[in-house]
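Scroll down for the structure; my scribbles are underneath it.
Taken together, the values in this text are just the output of simple stated rules run on the coordinates, not laboratory data. Since the structure is predicted, the reported quantities are computational estimates derived from the model, not experimental observations. Cβ atoms come from the backbone with ideal geometry, glycine included; neighbour counts cover every protein chain shown.
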Amino acid sequence: MLMTNDLSIELREYLTRCGLSQTKIAQCNASTRMYHDLGLYGDIAQAYMEVLAEHYHVDLSGFEFQTFFPEEFEGKTLLTRVLFSLIPFASHIARQRGEWLPLTLERVERAILSKRWE
């Protein structure tokens, strides 16, 4: 389980398996949020959730991706896509305006241990 100011072995293994660097993992704790703190969204966030399902055999049938993560942001019109390609930080700002529920590492650990999304 979670140790004081530290992540469980299971959670460290999960984050390593997903490709998060050891430096970044060392900065995480149980309340670290996957989108808001780690900046995971779109295909990368989807890959993290797939690791839960495929490697840890977590039943994600009740999980709604769009509740916790934005999709890849390309802009809704040709004009916004062009602007975002010319001004890369603009898409980051646009994603920040969305309202997504926090998905903490503690909740991910509960899913790993219980094998289901709660």
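Put a dot 7 Å past the Cα of residue 50, heading toward its Cβ, do the same for residue 36, and the two dots end up 2.7 nm apart. Ordered by the number of other Cβ atoms lying within 10 Å of each residue's own Cβ, fewest first, 43, 37, 59 fall into the sequence 43, 59, 37. Distance between the 7 Å Cα→Cβ label points at residue 59 and residue 43: 3.1 nm. Annotation: for a label point projected 7 angstrom from Cα along Cα→Cβ of residue 113, residues of region 5-28 with backbone N closer than 19 Å are 5-16, 28.
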